[in-house]
Amino acid sequence: MKAKTILEPSYYKWVIVAACLVIIVAGLKTVAPTLNIVLISIMIAQCMHPFARLLMKRRIPAGVAIGILIVVVFVLGVLITSLLGNTISGIREEAPKYSVRIDSLTTGLRQQLAAKGIDIDNTLPKGATDPAEIKDKILQVLSGVASMLGNSIFILILVIVFLAQFTQIAQKVRDKVYPENSFMYHVADMNAASSKFIGITALVGIMQAVVSTVVLLLFGVNFALTWGLLFFICNFIPVVGFLLALLPTVAIAYFDQGPTVALWVFVSWYLINIIFDNVVKPRFLKKEFDISFLSVLLLLIFWSYVLGPLGAILAIPISLSLKIIFETLEGKEKLN
(Lines give C-alpha, C1' and ligand atoms only; values in the text may rest on other atoms or scores of the structure.)
Protein backbone atom coordinates (compact mmCIF):
# COMPACT_ATOMS: atom_id res chain seq x y z
CA MET A 1 0.00 0.00 0.00
CA LYS A 2 1.43 3.34 -1.07
CA ALA A 3 2.06 6.03 1.51
CA LYS A 4 -0.38 8.91 1.28
CA THR A 5 1.18 12.17 0.13
CA ILE A 6 1.00 15.21 2.40
CA LEU A 7 -0.89 17.25 -0.24
CA GLU A 8 -3.34 15.98 -2.86
CA PRO A 9 -2.63 17.11 -6.45
CA SER A 10 -5.56 19.56 -6.35
CA TYR A 11 -4.01 21.25 -3.29
CA TYR A 12 -0.75 21.75 -5.16
CA LYS A 13 -2.73 23.62 -7.81
CA TRP A 14 -4.17 26.06 -5.25
CA VAL A 15 -0.78 26.57 -3.59
CA ILE A 16 0.71 27.52 -6.98
CA VAL A 17 -2.23 29.86 -7.70
CA ALA A 18 -1.81 31.54 -4.29
CA ALA A 19 1.94 31.98 -4.87
CA CYS A 20 1.30 33.52 -8.30
CA LEU A 21 -1.24 35.94 -6.79
CA VAL A 22 1.28 37.07 -4.16
CA ILE A 23 3.87 37.74 -6.89
CA ILE A 24 1.31 39.63 -9.03
CA VAL A 25 0.17 41.80 -6.07
CA ALA A 26 3.80 42.60 -5.16
CA GLY A 27 4.48 43.59 -8.77
CA LEU A 28 1.39 45.81 -8.93
CA LYS A 29 2.42 47.60 -5.72
CA THR A 30 5.86 48.28 -7.20
CA VAL A 31 4.53 49.87 -10.40
CA ALA A 32 1.47 51.49 -8.73
CA PRO A 33 2.47 55.17 -9.36
CA THR A 34 2.72 54.63 -13.12
CA LEU A 35 -0.14 52.13 -13.26
CA ASN A 36 -2.47 54.58 -11.50
CA ILE A 37 -1.99 57.16 -14.27
CA VAL A 38 -2.86 54.56 -16.90
CA LEU A 39 -5.91 53.32 -14.96
CA ILE A 40 -7.19 56.86 -14.32
CA SER A 41 -6.84 57.56 -18.05
CA ILE A 42 -8.85 54.42 -18.86
CA MET A 43 -11.49 55.46 -16.32
CA ILE A 44 -11.83 58.95 -17.87
CA ALA A 45 -12.00 57.43 -21.36
CA GLN A 46 -14.73 55.01 -20.25
CA CYS A 47 -16.66 57.90 -18.69
CA MET A 48 -16.45 59.84 -21.98
CA HIS A 49 -17.17 56.88 -24.26
CA PRO A 50 -21.01 57.07 -23.98
CA PHE A 51 -20.86 60.77 -24.93
CA ALA A 52 -18.70 59.91 -27.96
CA ARG A 53 -21.30 57.36 -29.07
CA LEU A 54 -24.08 59.91 -28.56
CA LEU A 55 -22.29 62.44 -30.78
CA MET A 56 -21.62 59.77 -33.41
CA LYS A 57 -25.32 58.86 -33.47
CA ARG A 58 -25.94 62.45 -34.51
CA ARG A 59 -23.77 61.74 -37.58
CA ILE A 60 -20.72 63.53 -36.22
CA PRO A 61 -17.52 61.73 -37.42
CA ALA A 62 -15.71 59.71 -34.74
CA GLY A 63 -12.55 61.86 -34.94
CA VAL A 64 -14.52 65.09 -34.54
CA ALA A 65 -16.56 63.64 -31.64
CA ILE A 66 -13.40 62.57 -29.81
CA GLY A 67 -11.82 65.98 -30.50
CA ILE A 68 -14.81 67.80 -28.97
CA LEU A 69 -14.67 65.67 -25.82
CA ILE A 70 -10.90 66.11 -25.47
CA VAL A 71 -11.29 69.91 -25.64
CA VAL A 72 -13.99 69.71 -22.94
CA VAL A 73 -11.76 67.56 -20.70
CA PHE A 74 -8.78 69.87 -21.24
CA VAL A 75 -10.80 72.99 -20.35
CA LEU A 76 -12.24 71.29 -17.25
CA GLY A 77 -8.75 70.17 -16.22
CA VAL A 78 -7.39 73.71 -16.48
CA LEU A 79 -10.33 75.13 -14.50
CA ILE A 80 -10.04 72.47 -11.76
CA THR A 81 -6.26 72.94 -11.47
CA SER A 82 -6.74 76.70 -11.15
CA LEU A 83 -9.50 76.23 -8.56
CA LEU A 84 -7.34 73.92 -6.43
CA GLY A 85 -4.36 76.26 -6.68
CA ASN A 86 -6.46 79.21 -5.48
CA THR A 87 -7.91 77.15 -2.63
CA ILE A 88 -4.49 75.99 -1.41
CA SER A 89 -3.23 79.59 -1.49
CA GLY A 90 -6.37 80.79 0.29
CA ILE A 91 -6.09 78.22 3.09
CA ARG A 92 -2.44 79.20 3.65
CA GLU A 93 -3.45 82.87 3.89
CA GLU A 94 -6.24 82.07 6.34
CA ALA A 95 -3.98 79.77 8.40
CA PRO A 96 -3.41 82.27 11.28
CA LYS A 97 -7.19 82.69 11.79
CA TYR A 98 -7.71 78.93 11.61
CA SER A 99 -4.92 78.34 14.13
CA VAL A 100 -6.61 80.65 16.66
CA ARG A 101 -9.91 78.76 16.31
CA ILE A 102 -8.21 75.35 16.59
CA ASP A 103 -6.31 76.49 19.69
CA SER A 104 -9.56 77.74 21.23
CA LEU A 105 -11.36 74.48 20.44
CA THR A 106 -8.60 72.17 21.69
CA THR A 107 -7.99 74.21 24.87
CA GLY A 108 -11.67 74.03 25.82
CA LEU A 109 -11.77 70.31 25.00
CA ARG A 110 -8.63 69.64 27.05
CA GLN A 111 -10.07 71.45 30.09
CA GLN A 112 -13.40 69.58 29.92
CA LEU A 113 -11.74 66.17 29.55
CA ALA A 114 -9.06 66.93 32.17
CA ALA A 115 -11.86 67.65 34.66
CA LYS A 116 -13.06 64.08 34.02
CA GLY A 117 -9.55 62.65 34.38
CA ILE A 118 -8.87 62.12 30.66
CA ASP A 119 -5.59 63.26 29.16
CA ILE A 120 -6.42 64.08 25.52
CA ASP A 121 -2.77 64.28 24.47
CA ASN A 122 -2.20 60.65 25.44
CA THR A 123 -5.56 59.47 24.07
CA LEU A 124 -5.45 60.95 20.55
CA PRO A 125 -2.75 60.26 17.94
CA LYS A 126 0.29 62.52 18.04
CA GLY A 127 -0.40 65.86 16.33
CA ALA A 128 -4.18 65.35 16.21
CA THR A 129 -4.79 68.62 18.07
CA ASP A 130 -1.90 70.58 16.58
CA PRO A 131 -3.26 73.43 14.37
CA ALA A 132 -0.34 73.16 11.95
CA GLU A 133 -0.88 69.40 11.60
CA ILE A 134 -4.62 69.79 10.91
CA LYS A 135 -3.98 72.50 8.32
CA ASP A 136 -1.28 70.36 6.67
CA LYS A 137 -3.65 67.36 6.46
CA ILE A 138 -6.28 69.43 4.64
CA LEU A 139 -3.64 70.82 2.27
CA GLN A 140 -2.28 67.31 1.75
CA VAL A 141 -5.65 66.09 0.46
CA LEU A 142 -5.94 69.00 -1.99
CA SER A 143 -2.29 68.72 -3.06
CA GLY A 144 -2.79 65.03 -3.83
CA VAL A 145 -5.59 65.84 -6.27
CA ALA A 146 -3.55 68.71 -7.76
CA SER A 147 -0.54 66.39 -8.16
CA MET A 148 -2.57 63.93 -10.20
CA LEU A 149 -3.81 66.80 -12.38
CA GLY A 150 -0.17 67.86 -12.74
CA ASN A 151 0.26 64.84 -15.03
CA SER A 152 -2.63 66.18 -17.12
CA ILE A 153 -0.75 66.29 -20.45
CA PHE A 154 0.33 62.64 -20.20
CA ILE A 155 -3.15 61.64 -18.99
CA LEU A 156 -4.77 63.58 -21.83
CA ILE A 157 -2.66 61.74 -24.43
CA LEU A 158 -3.59 58.38 -22.91
CA VAL A 159 -7.28 59.35 -22.76
CA ILE A 160 -7.21 60.17 -26.51
CA VAL A 161 -5.59 56.80 -27.29
CA PHE A 162 -7.97 54.75 -25.10
CA LEU A 163 -11.09 56.63 -26.22
CA ALA A 164 -10.17 56.11 -29.88
CA GLN A 165 -9.59 52.40 -29.24
CA PHE A 166 -12.84 51.95 -27.28
CA THR A 167 -14.79 53.71 -30.03
CA GLN A 168 -13.14 51.61 -32.74
CA ILE A 169 -13.75 48.33 -30.89
CA ALA A 170 -17.42 49.17 -30.22
CA GLN A 171 -17.91 50.07 -33.91
CA LYS A 172 -16.35 46.79 -35.08
CA VAL A 173 -18.51 44.78 -32.66
CA ARG A 174 -21.63 46.49 -34.05
CA ASP A 175 -20.44 45.75 -37.60
CA LYS A 176 -19.79 42.11 -36.57
CA VAL A 177 -16.13 42.34 -37.54
CA TYR A 178 -15.32 40.59 -34.25
CA PRO A 179 -17.18 37.27 -33.89
CA GLU A 180 -19.23 36.60 -30.77
CA ASN A 181 -17.19 35.15 -27.85
CA SER A 182 -13.94 36.47 -29.35
CA PHE A 183 -11.50 38.26 -27.03
CA MET A 184 -12.22 41.72 -28.51
CA TYR A 185 -15.97 41.07 -28.26
CA HIS A 186 -15.56 40.55 -24.50
CA VAL A 187 -13.31 43.62 -24.26
CA ALA A 188 -16.27 45.62 -25.60
CA ASP A 189 -18.53 44.00 -22.94
CA MET A 190 -16.01 44.81 -20.23
CA ASN A 191 -15.76 48.42 -21.39
CA ALA A 192 -19.56 48.74 -21.53
CA ALA A 193 -20.00 47.43 -17.97
CA SER A 194 -17.30 49.71 -16.56
CA SER A 195 -18.65 52.68 -18.53
CA LYS A 196 -22.13 52.14 -17.08
CA PHE A 197 -20.87 52.00 -13.51
CA ILE A 198 -18.56 55.01 -13.91
CA GLY A 199 -21.24 56.96 -15.79
CA ILE A 200 -23.93 56.30 -13.15
CA THR A 201 -21.53 57.15 -10.33
CA ALA A 202 -20.44 60.35 -12.09
CA LEU A 203 -24.05 61.41 -12.79
CA VAL A 204 -25.15 60.89 -9.19
CA GLY A 205 -21.92 62.51 -7.96
CA ILE A 206 -22.51 65.64 -10.05
CA MET A 207 -26.04 65.98 -8.67
CA GLN A 208 -24.81 65.55 -5.09
CA ALA A 209 -21.91 67.94 -5.62
CA VAL A 210 -24.16 70.68 -7.05
CA VAL A 211 -26.66 70.44 -4.18
CA SER A 212 -23.86 70.30 -1.59
CA THR A 213 -22.09 73.32 -3.12
CA VAL A 214 -25.33 75.34 -3.06
CA VAL A 215 -25.67 74.52 0.67
CA LEU A 216 -22.13 75.79 1.33
CA LEU A 217 -22.73 78.96 -0.68
CA LEU A 218 -25.92 79.65 1.31
CA PHE A 219 -23.98 79.31 4.57
CA GLY A 220 -21.11 81.45 3.26
CA VAL A 221 -18.42 78.77 3.68
CA ASN A 222 -15.09 79.62 2.01
CA PHE A 223 -13.93 77.63 -1.05
CA ALA A 224 -17.42 76.15 -1.60
CA LEU A 225 -16.65 75.10 -5.20
CA THR A 226 -13.56 73.17 -4.08
CA TRP A 227 -15.49 71.23 -1.43
CA GLY A 228 -18.18 70.46 -4.00
CA LEU A 229 -15.46 69.13 -6.32
CA LEU A 230 -14.02 67.05 -3.48
CA PHE A 231 -17.52 65.66 -2.83
CA PHE A 232 -17.76 64.63 -6.51
CA ILE A 233 -14.33 62.91 -6.50
CA CYS A 234 -14.94 61.13 -3.20
CA ASN A 235 -18.28 59.87 -4.53
CA PHE A 236 -16.25 57.31 -6.52
CA ILE A 237 -14.88 55.89 -3.24
CA PRO A 238 -17.39 53.42 -1.78
CA VAL A 239 -18.17 53.20 1.96
CA VAL A 240 -15.78 55.92 3.26
CA GLY A 241 -15.83 58.46 0.42
CA PHE A 242 -18.51 60.62 2.03
CA LEU A 243 -16.52 60.94 5.27
CA LEU A 244 -13.35 61.90 3.37
CA ALA A 245 -15.25 64.78 1.74
CA LEU A 246 -17.22 65.73 4.86
CA LEU A 247 -14.44 66.10 7.44
CA PRO A 248 -12.31 68.85 5.79
CA THR A 249 -15.48 70.70 4.72
CA VAL A 250 -16.95 70.76 8.23
CA ALA A 251 -13.53 71.75 9.61
CA ILE A 252 -13.32 74.76 7.26
CA ALA A 253 -16.95 75.68 8.04
CA TYR A 254 -16.07 75.68 11.75
CA PHE A 255 -12.92 77.75 11.25
CA ASP A 256 -14.78 80.28 9.07
CA GLN A 257 -18.22 80.57 10.63
CA GLY A 258 -18.08 78.83 13.99
CA PRO A 259 -19.74 75.71 15.48
CA THR A 260 -23.35 76.55 14.55
CA VAL A 261 -22.71 76.79 10.80
CA ALA A 262 -20.40 73.75 10.97
CA LEU A 263 -23.24 71.75 12.57
CA TRP A 264 -25.71 72.88 9.90
CA VAL A 265 -23.26 71.93 7.16
CA PHE A 266 -22.77 68.51 8.74
CA VAL A 267 -26.52 67.87 9.04
CA SER A 268 -27.26 69.18 5.51
CA TRP A 269 -24.53 67.12 3.85
CA TYR A 270 -25.53 64.04 5.83
CA LEU A 271 -29.17 64.35 4.71
CA ILE A 272 -28.09 64.93 1.09
CA ASN A 273 -25.93 61.81 1.22
CA ILE A 274 -28.72 59.73 2.79
CA ILE A 275 -31.22 60.80 0.12
CA PHE A 276 -28.91 60.17 -2.84
CA ASP A 277 -27.41 56.93 -1.49
CA ASN A 278 -30.73 55.38 -0.44
CA VAL A 279 -33.17 56.81 -2.99
CA VAL A 280 -31.43 58.07 -6.14
CA LYS A 281 -28.37 55.81 -6.59
CA PRO A 282 -30.14 52.44 -5.97
CA ARG A 283 -32.60 53.21 -8.79
CA PHE A 284 -29.65 53.09 -11.20
CA LEU A 285 -27.14 50.71 -9.65
CA LYS A 286 -29.48 47.89 -8.57
CA LYS A 287 -30.76 47.64 -12.13
CA GLU A 288 -27.29 47.13 -13.56
CA PHE A 289 -25.12 45.67 -10.79
CA ASP A 290 -25.44 43.23 -7.94
CA ILE A 291 -22.71 44.26 -5.48
CA SER A 292 -23.01 43.42 -1.78
CA PHE A 293 -21.78 45.77 0.94
CA LEU A 294 -19.22 43.19 2.17
CA SER A 295 -17.84 42.74 -1.36
CA VAL A 296 -17.46 46.49 -1.80
CA LEU A 297 -15.68 46.82 1.57
CA LEU A 298 -13.23 43.98 0.83
CA LEU A 299 -12.51 45.31 -2.67
CA LEU A 300 -11.91 48.79 -1.26
CA ILE A 301 -9.41 47.47 1.31
CA PHE A 302 -7.59 45.25 -1.21
CA TRP A 303 -7.18 47.78 -4.02
CA SER A 304 -6.28 50.57 -1.59
CA TYR A 305 -3.49 48.32 -0.29
CA VAL A 306 -2.27 47.46 -3.81
CA LEU A 307 -2.59 50.84 -5.57
CA GLY A 308 -2.61 53.31 -2.67
CA PRO A 309 -5.29 56.00 -2.16
CA LEU A 310 -6.32 55.97 -5.85
CA GLY A 311 -7.13 52.28 -5.47
CA ALA A 312 -10.22 53.32 -3.50
CA ILE A 313 -11.56 55.17 -6.56
CA LEU A 314 -10.56 52.43 -9.02
CA ALA A 315 -11.65 49.44 -6.89
CA ILE A 316 -15.09 48.79 -8.38
CA PRO A 317 -14.29 49.50 -12.08
CA ILE A 318 -11.22 47.23 -11.92
CA SER A 319 -13.15 44.47 -10.15
CA LEU A 320 -16.03 44.62 -12.65
CA SER A 321 -13.54 44.29 -15.52
CA LEU A 322 -11.78 41.33 -13.86
CA LYS A 323 -15.14 39.67 -13.20
CA ILE A 324 -16.02 39.79 -16.90
CA ILE A 325 -12.56 38.43 -17.84
CA PHE A 326 -12.91 35.50 -15.42
CA GLU A 327 -16.44 34.74 -16.62
CA THR A 328 -15.17 34.74 -20.22
CA LEU A 329 -12.28 32.39 -19.41
CA GLU A 330 -14.61 30.12 -17.42
CA GLY A 331 -17.06 30.00 -20.33
CA LYS A 332 -14.30 29.07 -22.78
CA GLU A 333 -13.02 26.39 -20.39
CA LYS A 334 -16.48 24.79 -20.27
CA LEU A 335 -16.75 24.83 -24.07
CA ASN A 336 -13.40 23.04 -24.33
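The values are calculated or read from the model by the stated rules, or taken from the named source; none is laboratory data. What you are looking at is a predicted structure, and each value in this text was computed from that prediction instead of being measured. For neighbour counting, all protein chains shown are included, and Cβ atoms are generated from backbone atoms with ideal geometry for every residue, glycine included.
Some observations on this one:
- Residues (among the aliphatic types (A, V, I, L, M) and either assigned to a helix (DSSP H, G or I) or closer than 25 Å to residue 272 by Cα (or both)) located in the range 170-200: 170, 173, 184, 187, 188, 190, 192, 193, 198, 200
- Scanning the range 253-273 for residues that are closer than 25 Å to residue 201 by Cβ and crowded, with 17+ Cβ neighbours inside 10 Å yields 265, 268, 269, 272, 273.
- Single residue of the range 166-183 satisfying the filter (within 19 Å of residue 69 (Cβ to Cβ) and of a type in the set (A, V, I, L, M)) that is surrounded by the fewest Cβ atoms within 10 Å (Cβ to Cβ): 169
- Residue check: residue 222 meets all listed conditions (1) assigned to a helix (DSSP H, G or I); (2) at pLDDT below 85; (3) not hydrophobic (A, V, I, L, M, F, W, C) but one, namely (1).
- Selected residue (only one of 163, 246, 203 is among the hydrophobic types (A, V, I, L, M, F, W, C), surrounded by 18 or more Cβ atoms within 10 Å (Cβ to Cβ), out of contact with any Phe, Trp or Tyr (no Cβ under 6 Å at 6 or more places or on another chain) and in a helix (DSSP H, G or I)): 163
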